[in-house]
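A short worksheet on the structure shown next.
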Amino acid sequence: MIKTGTDIALAAHYIRQGELVALPTETVYGLGANALDAIAVAKIFEAKQRPTFDPLIVHIADMEMLGKLFLSPIDPLVFTLAKAFWPGPLTIVFKKTDLVPDLVTSGLDTVGVRMPSHPMALELIRTSGCPIAAPSANLFSQLSPTRPEHVQKQLTNVAYLLDGGSTNVGIESTIVAVENGETEMLRPGIITPEEIALVTGKMPLAHGQSNKIVAPGLLKHHYSPRKPLYFTDSGIKDHKHKGLIKWTFNNAEIDWVRTIVLSEKMNLVEAAANLFGALHAMEEDERVEVIYADKLPLEGIGIAIMDRLTKAAYQYNV
Ligand code: TXA
Ligand code: MG
């Protein structure tokens, strides 16, 4: 068991010592280390069994930290985005300084940075006095953690788990790259391309459109529960013990052993917040052998939810 509590001073002490701390953010729990200490960062890859081609997001608490990480002069678009969405669930990818270890960025000349809005995350970064590199606090390719128990289930070599209860956004940050005055979407999240266009005056390019920005780590198979996952619209096979993750209302036509509704009110924000909790519950429920999930509408935040679900179900739906 990882030592757990709400002692931010102790957590900051571990960060300064080069140890790992799991911390709550408003999106999902992160597995944090001092972003400027390559040896501490190496421990993240080890604990997660994460391949080193997959770069980490660096978390900051104020704009002063930003200047040290990004190469100056910083593109004004970075400030426009930061002003509109930070603190909050937006990661901005941009050219980095030599201060950022290559391990953090997988050797890329860019770094992904975000200022989380969770008060415990902000206080931990401030008290540690350094930016914190943190991927989601799960084993590589498995389900992202939205509660401290989800971190306990997957990780062991962590000095301290900062308990902030359930995270409220529930899916990982939107990632946008900035280059030559253009933005490009790298990962969908709760902040949509339309919202980004409202502040930049221009729709971001779709992922892959610029051919210049590399986004490693965005694998087709990711976020997976340790049980088969199928979509209900491709037909219900004759599995014996089926669990169902429903978009809304519960119809009881088939004898599901467990049903979880993502949002009775058909609210996509609520569905996003409940998504990983539902997948973890199905993974943990011994009665459930196979998981089925409804597809959600591909609009607004539904796009980010379907991105995660499609990756979770990838190996069973090809
Ligand atoms: O909400 C979140 O973003 C959470 C919390 C903890 O902040 N973190 C998170 O990190 O989801 P992670 O490691 O699971 O996903 C990070 C992804 C990488 O897989 C990669 O696709 C992208 O961010 N990324 C990071 N730095 C990048 C860079 N320099 N260039 C392109 N993509 C980058
Ligand atoms: Mg992750």
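The values are calculated or read from the model by the stated rules, or taken from the named source; none is laboratory data. Note that the coordinates shown come from a computational prediction; the quantities given were computed from them, not determined experimentally. Ideal geometry is used to build each Cβ from the backbone, glycine not excepted, and the neighbour counts take in all protein chains shown. Areas reflect the complete protein model, heavy atoms only, side chains present, ligands, DNA and RNA absent. Shrake-Rupley method; radii C 1.70, N 1.55, O 1.52, S 1.80 Å.
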Pull out the extension gain between ALA9 and VAL269, defined as 0.36 nm times the separation in residues minus the alpha carbon to alpha carbon distance; nm, one decimal. 90.3 nm
Label model pair LYS153, GLU64: point-to-point distance (7 angstrom along the Cα→beta-carbon line) in nm is 4.0 nm
Roughly how many Å² of GLU264 are accessible to a 1.4 Å probe, to the nearest 10? 130 Å²
222 nm mean residue ellipticity, helices alone, for the chain (DSSP H n ≥ 4; -39,500 (n - 2.57); rounded to 500): -8500 deg cm²/dmol
Cα lying deepest toward the dipole's positive end in the chain, options TYR160, PRO204, ILE303, charges on Cβ: TYR160
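Could you give the length gained by full extension between MET203 and THR259, i.e. 0.36 nm per residue of separation minus their alpha carbon distance, to one decimal place?
16.3 nm
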Flagged as over-length at 23 Å C-alpha distance, from LYS153/LYS227; LYS48/LYS95; LYS240/LYS265, the pairs are LYS48/LYS95; LYS240/LYS265
Arrange the residues TYR314, TYR230, TYR292 by how much accessible surface each exposes, largest first, with a 1.4 angstrom probe. TYR314, TYR230, TYR292
Computed accessible area, ILE44, all protein chains, 1.4 angstrom probe, square angstrom: 0 Å²
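At R0 = 35 Å, how high is the FRET efficiency between THR97 and GLN49 if r is their beta carbon distance? Nearest 0.05 is fine.
Details: r = 29 Å, r/R0 = 0.83.
In this case the efficiency is close to 0.75.
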If you project the alpha carbons of the stretch 20-112 onto their three principal axes, what span does each projection cover, largest first, in Å? 36, 28, 19
PHE85: accessible area at probe 1.4 Å, nearest 10 Å²? 30 Å²
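Based on the Cβ-Cβ distance of GLU194 and HIS221, what FRET efficiency does E = 1/(1 + (r/R0)^6) give at R0 = 35 Å, to the nearest 0.05?
0.80
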For the stretch 193-298, which trypsin sites (Lys or Arg not before Pro) are both in a DSSP coil and crowded by at most 14 other Cβ atoms within 10 Å? LYS202, LYS212, LYS220, ARG226, LYS237, LYS240, LYS265, ARG287
